[in-house]
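Okay, so here's the structure we're looking at.
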Amino acid sequence: MIAQIHIPLLPILIAAPVLGLLFLASLPWVARRTDFLSITREHLRRFAPLYFVVGPSAITYFAVCGTVSAIAAIIFPFAHNNMSRDYVIQHGIFTMFHWIEYASSFLGAYAFAWLIRWVGLSWVWTGISVVSLSVSAAYRTARLDPGPNFSTGPQILLSAEWLDAIPVILGLGIFLLQRTGPNKTVVDNRLPAPSRNDPLDYNP
Amino acid sequence: MKGFVARFYLVTVLAGVLVTELAWAVLISTGHNNQGSSLVTRLLFPVLFLVGTVNHFRSR
């Protein structure tokens, strides 16, 4: 006889987003008050293959693009009345999914190029993350099954759509242009800190 | 205490990242919705992981 386990779903569905938001909201405090950033940087540098091969495309297309698309798919039908819902599903929601994917690709390429520079890894890791993002963007697309059992989600294609990789190249290109532009000379205008023991620094 | 808080946050964030990576790697290498998968998506992450690991240990 199989024992039936009843899991209270409602408290979990309420508690999980609340705990997640509290966690995210407290991150800036933790970053300021503890050595969270330095140990994170050291950890990422030491275990780079674990985080910069699958990580860029997983975070960009699963965590960011997937979450934003899911929230948009939930909100989108509420913004339209029932009469226009079929039209919206046929024409509007796919366009929205594609633009969310393009925006995620651009931001993901830029953010991971910045992260790799921040951690202090070589340009090889930037290349690996761009290949990971580009191929994932080319083979990933949105899936939509309108009907009585409405369902949506990511879909992996059998052949690539390489045009979807353009936002990735743009994100990396803009990051590199910002870093290697002609006006990157940094002038430090700050005065040196006054020494407590130097009487010449006394200036009432 | 602050060291414990920092490590707790690090472990939590990185555990979330690793679970997301695992789910994405399985999805892209096996395909979805019975469409199957292509050779490129099956070999993408193993090849990149090999290149990255070799480069990582050569540069250390």
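The values are calculated or read from the model by the stated rules, or taken from the named source; none is laboratory data. Everything quoted here is computed from the prediction, not taken from an experiment. Reconstructed Cβ throughout: ideal geometry from the backbone, glycine too, with neighbour counts over all protein chains shown.
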Practice task
Could you check, for region B:12-20, whether at least one of its residues is within 21 Å of residue A:128 (Cα to Cα) and touching a His at 6+ places or on another chain (Cβ under 9 Å)?
Solution key: yes
Exercise for the section: Answer yes if at least one residue in region B:29-37 is at the interface with chain A (Cβ under 9 Å from one of its Cβ atoms), in a helix (DSSP H, G or I) and of a type outside the set (S, T, N, Q), and no otherwise. Expected result: no
Problem - Subset of region B:38-53 (residues that are under 16 Å from the mean Cα position of the chain (by Cα) and more than 7 Å from chain A (Cβ to nearest Cβ)) - result: B:42, B:43, B:46, B:47, B:50
Completion exercise
Filtering helices (runs of 4 or more DSSP H) wholly in region A:1-103 for at least 3 residues that are of a type in the set (S, T, N, Q), modelled with pLDDT of 85 or more and surrounded by 18 or more Cβ atoms within 10 Å (Cβ to Cβ) gives none
